[in-house]
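Reading through the structure tokens given below for one structure.
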Amino acid sequence: MKQKTNRYNGYTAEELLMDDFFLDSTRHPAPGSNAFWEREAAGDPALEREIEIARHFLMVIRQEMEEVSGEEILALWNRVKARNARHRRPRLALAVAAGIAALVTGSVLLYPGREEEPPVVAGTETGTGFLPGESDDVVLVLAGQPRQHLRGEEVEISHAPGGKVSVNAHDIPVTGDESGGGDEASDVPYNHLIVPVGKRSSVLFPDGTRVWVNARSHVWYPVTWAGDRRQLFVEGEVFVDVAPDEARPFIVNTGLLEIEVLGTRFNVTARDTTANTVVLERGKVNVKTSSRQEVILHPDQRLEYRDGAVSIDRVDVQEYAAWKDGLLYFNGASLDKILDRLGNYYGKEITRDPAVVEMTCSGKLELKPHLEEVLEGLARVAPVRVERLDGKIHITNTP
């Protein structure tokens with residue numbers, strides 16, 4: 001097996017799937033390892049294609065194994081090992097085995113961040129992932145610093161030139177060297193922002209760019225913009241207002257999508273390892289997919305990338321962006337969809353009668369601190385009643 005210190009020219013997908021470093025950097029992506037594979041593939045279309053095939057293979061394996069028990073995975077692993085013993089040239093079977101082995105030891109991720117399997121990001125503390133119920137606070141982990149628990153329903157974080165950081169207009173202590181110390185983006189340590197259920201946050205960067213972060217979301221961003229691009233990594237949902245800088249395009253990376261802009265406003269939803277969306281309010285963005293498709297998006301368009309396919313439709317942007325202002329806006333939306341969005345935001349299951357599913361509503365709901373308050377407001381404008389059954393919230397229609 002080739003070691004990770006070797007260059008990967010001439011590697012096939014099968015060999016990549018038997019390579020420890022490739023499997024580890026796919027399972028635990030980080031800005032440094034992402035940059036490494038970008039450099040390896042630069043100017044080598046054949047290697048780029050093999051990397052894409054191997055990553056796609058791991059994604060498919062993971063999807064197929066999500067509903068499979070550990071015993072079934074181990075049984076499949078044993079069958080593959082037995083097949084290897086019977087074949088003289090078992091390269092592909094070994095590759096399959098490597099993919100299954102990665103699943104046996106933990107979920108394979110194309111980008112950070114299952115909450116139970118936080119990514120390894122250079123310069124951040126270990127184990128920064130947010131587990132449901134672990135904390136009700138927004139958590140900010142500045143590179144090399146203890147985690148900060150930030151109280152409030154909506155937390156505003158500001159990074160000023162020189163490394164000064166404030167939360168809700170109050171300075172917070174930062175010790176040590178926060179400059180990063182490298183000329184390349186991969187040399188710069190990353191901060192990590194974790195927003196739990198029922199909360200929102202925003203980050204203002206020294207260049208004037210602002211990122212709003214929705215509930216149940218992670219954002220990784222460098223302590224300083226380095227190199228010729230400004231880049232952050234997202235799991236969950238963000239709205240981005242980018243300050244123009246023609247010399248340094250702004251990149252939002254979800255693992256499935258890479259969204260490149262110079263100056264614009266858009267919403268990104270990346271809560272699923274198989275489906276991401278981008279909704280553009282103004283300007284223009286270039287969206288690159290993990291399957292090497294490239295699309296220019298225009299205002300009032302929504303791009304969905306699902307299972308390797310791209311679809312684009314026109315939408316009311318306010319439906320996708322109002323959350324940053326603490327509102328849920330809907331125009332002729334099904335009540336089923338509205339309840340799903342509320343359940344996702346507050347991290348609670350909301351069951352409903354079949355008759356409720358077919359209802360449609362238009363209007364705005366304020367995202368209050370508690371779900372029950374929002375549902376009471378919904379009951380005042382829609383013919384529904386809120387019930388509590390066995391500790392769960394159930395929505396039924398009124399006669």
Open item on the list: If I filter the range 273-293 for residues that are surrounded by fewer than 19 Cβ atoms within 10 Å (Cβ to Cβ), on the phi > 0 side of the Ramachandran plot, assigned by TED's automatic domain parsing to the domain that holds Ala243 and touching a strand residue (DSSP E or B) at 6+ places or on another chain (Cβ under 8 Å), do I get at least one hit?
Closed with: yes
Open item on the list: Being under 19 Å from Leu256 (Cβ atoms), of a type in the set (D, E, K, R) and at pLDDT 95 or above is the filter here; which residues of the range 295-326 pass it?
Closed with: Arg302, Glu304, Asp313
TODO: Kindly indicate the residue of the range 336-366 that is more than 30 Å from Val138 (Cα to Cα) and of a type in the set (A, V, I, L, M, F, W, C) and also surrounded by the most Cβ atoms within 10 Å (Cβ to Cβ) among those meeting that condition.
DONE: Val356
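Confirm whether Leu365 is more than 19 Å from Arg388 (Cβ to Cβ), in a strand (DSSP E or B) and out of contact with any His (no Cβ under 7 Å at 6 or more places or on another chain).
Details: more than 19 Å from Arg388 (Cβ to Cβ): yes; in a strand (DSSP E or B): yes; out of contact with any His (no Cβ under 7 Å at 6 or more places or on another chain): yes.
So Leu365 passes the test.
Can you pull out the residues in the range 201-210 that are part of a strand (DSSP E or B) and surrounded by fewer than 24 Cβ atoms within 10 Å (Cβ to Cβ)? Before the answer, list the steps.
Taking the range 201-210 first, the residues part of a strand (DSSP E or B) are 201-204, 210.
Result: Ser202, Val203, Leu204, Arg210.
Looking at Arg314, Arg302, Arg306, which is the one that is farther than 20 Å from Ala215 by Cα and surrounded by 18 or more Cβ atoms within 10 Å (Cβ to Cβ)? If you could, list the steps in order and put the result at the bottom.
Details: Arg314 fails: surrounded by 18 or more Cβ atoms within 10 Å (Cβ to Cβ); Arg306 fails: surrounded by 18 or more Cβ atoms within 10 Å (Cβ to Cβ).
Unique residue meeting the criteria: Arg302.
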Open item on the list: Taking the condition of being part of a loop (DSSP other than H, G, I, E, B) and either in contact with a Cys (Cβ under 8 Å, 6 or more places away or on another chain) or modelled with pLDDT of 70 or more (or both), how many residues in the range 1-37 meet it?
Closed with: 6
Open item on the list: Pairs needed: first member in the range 325-345, at positive phi; second member anywhere, outside any helix (DSSP H, G or I) and not hydrophobic (A, V, I, L, M, F, W, C); C-beta distance under 9 Å; at least 6 residues apart or different chains.
Closed with: Gly326/Glu153; Gly326/Glu154; Gly326/Arg200; Gly326/Glu366; Gly326/Lys368; Gly332/Thr360; Gly332/Ser362
- [ ] Can you work out which of the residues in the range 152-207 that are under 25 Å from Lys348 (Cβ atoms) and either among the charged types (D, E, K, R) or not assigned by TED's automatic domain parsing to the domain that holds Tyr221 (or both) is modelled with the lowest pLDDT?
- [x] Glu153
TODO: Check Leu140 against each of (1) at pLDDT 90 or above; (2) more than 19 Å from the chain's Cα centre (by Cα) and name the one condition it does not meet.
DONE: (2)
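The values are calculated or read from the model by the stated rules, or taken from the named source; none is laboratory data. Quantities reported herein were computed from a predicted structural model and do not represent experimental measurements. Positions of Cβ are generated from backbone atoms using ideal geometry, with glycine treated the same way; all protein chains shown enter the neighbour counts.
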